[in-house]
Amino acid sequence: MPEEEQKKYMLTAKKAENISEWYTQVIINSEFVDYSAVSGMMVYRPDSYFAWDTLKEATDRLFKEAGVQNVYFPLFIPERLLEKEKEHVEGFSPEVAWITHAGKSELSERLAVRPTSETIMYDSFSRWIRSWRDLPIRYNIWASVVRWEFKHPTPLLRSREFLWNEGHSAFATLEEAEKERDQILDIYEKVTREYLALPGIRGRKTEKEKFSGAIASYSIEHLMPDGYSLQGPDHHSDGQNFAKAFDIQFTDKDGIKKYVYQNTYAISTRELGAMVLTHGDDKGLVLPPKLARIQVVIIPIYNNAKKDEILDYSRLIHERIKDKIRSYLDDRDEYTPGWKYNEWEIKGVPIRLEIGKRELGSRKVTVVRRDTGMKETINFDGLETTLQSLLEDIHSTLYSRALDFLNSHIFPVDRYEDLKKLVGKGFVQAPWCGSGDCEDKVKEETGAKISNLPSDAQHKAKGKKCVYCGRDALHIANFAKSY
């Protein structure tokens with residue numbers, strides 16, 4: 001075997017020693033994603049796109065059950081529309097990629113390559129919404145967006161083009177709009193837990209960290225193994241800001257013209273990066289079973305003796321389980337079993353089945369779990385049921401492990417000296433007065449920003465003093481260094 005091919009699935013970096021280099025090696029060497037000819041834009045290879053497609057389908061199904069409908073709007077946005085909402089434009093203008101020519105002809109107006117879709121959609125909303133009968137509008141787009149201006153792109157975590165959903169809603173009342181927030185965040189928590197095996201902390205973003213153009217933003221924040229936070233799905237309460245900028249008005253039941261209340265929300269392929277960082281190990285990817293394109297790989301082990309019988313037994317097993325479990329029979333002759341083990345381990349396949357003379361003779365199967373490395377022998381009879389149970393247990397184990405890590409890396413503090421010592425090790429949960437000046441000072445002095453104001457901890461702020469300035473605290477904030 002050529003040396004280059006031998007190195008193909010090797011990892012040299014250790015997760016605990018250099019997580020950045022480890023992450024790059026894992027996602028590239030496992031053939032999860034790849035770089036493209038365009039700087040900062042990547043290729044989703046079959047395993048990563050399967051994972052995204054599955055996550056997308058699960059989320060989309062829950063959206064539809066909640067009453068959200070899918071639509072599609074153009075990729076290009078006229079400059080005049082992008083400039084209608086000042087705060088929104090200022091937030092995105094450094095990242096916008098512009099189309100100025102078509103062929104050799106210069107366009108009469110620049111077109112932005114979609115950084116987000118508010119402006120192109122709300123131009124249509126202003127024409128479609130006339131009466132209270134036209135409300136609510138609850139639309140969603142599955143699309144890609146382009147955000148260009150940053151120096152160090154990282155595949156999945158920070159790419160110039162990424163995939164996501166954009167939910168855009170319009171309601172007659174603020175109460176209806178606020179009710180949707182919890183419904184959508186519940187959906188996001190469900191899919192991150194049940195598909196990605198990722199726990200998170202739900203809460204409100206600060207004024208400085210909120211989405212440009214929103215009156216309030218809410219997020220689910222993940223904690224990575226290096227103690228840094230990574231923002232997951234989010235929801236933005238836009239109030240009437242965009243409605244006033246785009247003149248989205250309706251006549252209510254009393255004949256009075258009013259502006260609508262709007263929300264936006266998103267989950268993106270960044271979740272796949274969070275999944276890799278959270279579950280992967282020094283052997284490579286560890287995929288949650290629901291997102292694994294191949295859930296079980298079958299590896300026959302033979303020399304010339306018993307080869308045909310072992311292959312026949314392996315094919316029988318594959319035929320038996322393939323309708324219920326995504327399985328693959330690796331009967332390639334040119335690779336040794338050890339080489340195959342390494343390949344499927346780095347790719348993160350949840351279960352490996354080893355089939356040799358011993359298994360053939362006893363009508364059993366040797367099972368190896370990717371998450372724990374545990375090996376056991378199981379009976380051929382009832383194989384599908386046993387494997388399905390194992391896949392469920394693997395998911396539960398991954399989630400429990402991640403949740404235990406998160407819970408053990410939340411550090412409640414009251415003193416600034418303690419905050420400074422703990423920054424970079426997890427979420428440092430501290431009382432905060434709500435002042436942007438204090439927020440800025442902490443970030444300037446420690447490198448930590450407020451990831452969000454955790455919903456389940458706000459009752460603890462009563463009677464506390466701000467960790468930085470000593471004034472009365474209004475909130476409990478999670479301070480963390482972040483991706």
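We did not get these values from a lab; they are worked out from the coordinates using the rules stated. Because the structure is a prediction, the values reported are computed rather than measured. Positions of Cβ are backbone-derived with ideal geometry, glycine not excepted, and every protein chain shown enters the neighbour counts.
So here's what we get for this one:
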item: Sum of side-chain charges, residue 414 neighbourhood, beta-carbon under 9 Å (Lys, Arg +1; Asp, Glu -1); result: +2
item: 12 Å beta-carbon shell around residue 357, net charge (K/R +1, D/E -1); result: +1
item: Between segment 380-422 and segment 435-469, the Cα center-to-center distance that results, in Å; result: 26
item: Under 13 Å from the Cα of residue 340 - aspartates and glutamates, other chains or at least 8 residues apart; result: 5, 330, 331, 354
item: Dipole axis of the chain (+1 Lys, Arg; -1 Asp, Glu on Cβ), positive-most option in 399, 99, 470; result: 470
item: Fraction of antiparallel bridges per DSSP, the chain only, in percent to nearest 5; result: 80
item: When each of 244/462; 425/464; 190/425; 86/420 is checked by Cα-Cα distance, pairs over 32 Å; result: 244/462; 86/420
item: Helix 174-194 vs. the chain, principal-axis angle (Cα, 0 to 90°, nearest 10); result: 20
item: Simple spin-label estimate for residue 142 and residue 256 in nanometres, 7 Å along Cα-Cβ; result: 4.2
item: Relative contact order, percent, segment 179-237 [alpha-carbon distance under 8 Å, six or more residues apart]; result: 30
item: In Hz, Karplus ³J(HN,Hα) per residue of segment 304-313 (6.51, -1.76, 1.60; θ = phi - 60°; x = Gly, Pro); result: 4, 6, 6, 4, 5, 5, 5, 5, 5, 5
item: Helix 19-29 vs. the chain, principal-axis angle (Cα, 0 to 90°, nearest 10); result: 60
item: Peptide ranges 376-385, 444-453 listed from the most packed, as the mean C-beta count within 10 angstrom indicates; result: 444-453, 376-385
item: Contact order normalised by residue count of the chain, Cα under 8 Å, 6+ apart, percent; result: 14
item: Peptides 113-121, 303-311 ordered by average Cβ neighbours within 10 Å, highest first; result: 113-121, 303-311
item: Around residue 68: net Lys/Arg minus Asp/Glu count, Cβ-Cβ under 15 Å; result: -1
item: Value at 222 nm in deg cm²/dmol, rounded to 500, when DSSP H runs of n ≥ 4 in the chain each add -39,500 (n - 2.57); result: -10500 deg cm²/dmol
item: Above-threshold pairs, the threshold being 23 Å between Cα atoms, out of 14/421; 347/449; 205/481; result: 14/421; 347/449
item: Relative contact order %, segment 339-483, counting alpha carbon pairs below 8 Å whose residues are six or more apart; result: 18
item: In degrees, nearest ten, helix 118-128 long axis to first principal axis of the chain (Cα); result: 60
item: Separation in nanometres of the label points that stand 7 Å from Cα toward Cβ, at residue 388 and residue 128; result: 4.0
item: Calculated over segment 410-480: convex hull of Cα atoms, volume per residue (Å³); result: 69
